[in-house]
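Following: one structure in structure tokens, then a few remarks.
The values are calculated or read from the model by the stated rules, or taken from the named source; none is laboratory data. As the structure is a computational prediction, the values presented were derived from the model and not from experiment. Cβ placement follows ideal geometry from the backbone for every residue including glycine, while neighbour counts extend to all protein chains displayed.
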Amino acid sequence: MDQPGKKPAIRITDYVYLVLYSTTMQIQVLKQLFQRDLNKLKQEISAYQSEQQLWVVEKNIPNSAGNLCLHLIGNLKHFIGKVLGGTDFVRDRPSEFALKDIPKAVLIKQVEETMVVVDAALDKLTVDDLEKEYPIVVFEEKMSTGYFLVHLAMHLGYHLGQVNYHRRLLDV
């Protein structure tokens with residue numbers, strides 16, 4: 001029984017529940033963030049009035065929106081789909097920045113495919129998987145799967161902002 005003036009003791013079952021619940025919630029939150037931002041990427045690509053403007057590189061803007069879209073698709077299909085989900089995707093990172101003039105409809109279809117791949121891979125994760133070491137070394141040092149998934153979500157958001165800015169600046 002709790003004594004007045006003392007913090008109530010937390011039972012081990014409460015602690016285990018909180019840890020499991022919060023970790024499960026982390027997976028759900030990651031799924032929601034990836035889906036939200038990939039949907040927003042589709043909207044941004046769709047919003048281009050001119051398909052040619054998707055591929056414009058001007059002044060100090062080094063990457064077109066089309067190439068950033070391809071880069072995000074390749075990045076997520078590789079690091080989440082292949083490495084965590086076990087797909088047979090083969091990434092060609094140089095092509096993500098070299099290809100040009102891919103129709104808007106094709107880019108949107110590839111984003112939709114990526115959404116399915118990401119969702120399926122995240123559905124396979126268990127509570128323990130987030131704490132495990134990510135299966136490959138990416139940044140010259142080991143990290144947890146949970147850490148890398150947060151990085152990937154932030155990477156998506158970063159480039160999504162670049163696509164938005166590219167569209168508003170150059171699609172006039």
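So the values come out like this:
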{"read-out": "Tally, over region 132-152, of residues that are part of a helix (DSSP H, G or I), of a type in the set (A, V, I, L, M, F, W, C) and surrounded by fewer than 18 Cβ atoms within 10 Å (Cβ to Cβ)", "value": "1"}
{"read-out": "Positions within region 96-130 being within 13 Å of Lys77 (Cβ to Cβ), out of contact with any Lys or Arg (no Cβ under 7 Å at 6 or more places or on another chain) and polar (S, T, N, Q), in sequence order", "value": "Gln110"}
{"read-out": "Test: residue in region 12-27 that is modelled with pLDDT of 85 or more and either within 22 Å of Ser95 (Cα to Cα) or not in a loop (DSSP other than H, G, I, E, B) (or both)", "value": "yes"}
{"read-out": "Cβ-Cβ under 7 Å pairs, at least 6 apart or on other chains, region 149-172 side touching a residue at least 40 places away in the same chain (Cβ under 8 Å), far side of a type in the set (Lys, Arg) and surrounded by fewer than 18 Cβ atoms within 10 Å (Cβ to Cβ)", "value": "Leu160/Lys40"}
{"read-out": "Unique match (being surrounded by 14 or more Cβ atoms within 10 Å (Cβ to Cβ), without any contact (Cβ under 8 Å) to a residue 60 or more places away in the chain and over 16 Å from Arg36 (Cα atoms)) among Asp101, Asp129", "value": "Asp129"}
{"read-out": "Hey, Phe79 touching a residue at least 24 places away in the same chain (Cβ under 8 Å) and in a loop (DSSP other than H, G, I, E, B) or not", "value": "no"}
{"read-out": "Selection within region 42-96 - over 26 Å from Lys31 (Cβ atoms), hydroxyl-bearing (Ser, Thr, Tyr) and surrounded by 15 or more Cβ atoms within 10 Å (Cβ to Cβ)", "value": "Tyr48, Ser64"}
{"read-out": "Selection count, region 82-105, where residues are part of a loop (DSSP other than H, G, I, E, B) and among the hydroxyl-bearing types (Ser, Thr, Tyr)", "value": "1"}
{"read-out": "Matching residues in region 32-54 - criterion: being closer than 16 Å to Arg168 by Cβ and in a helix (DSSP H, G or I)", "value": "Lys40, Leu41, Gln43, Glu44, Ile45, Ser46, Ala47, Gln53, Leu54"}
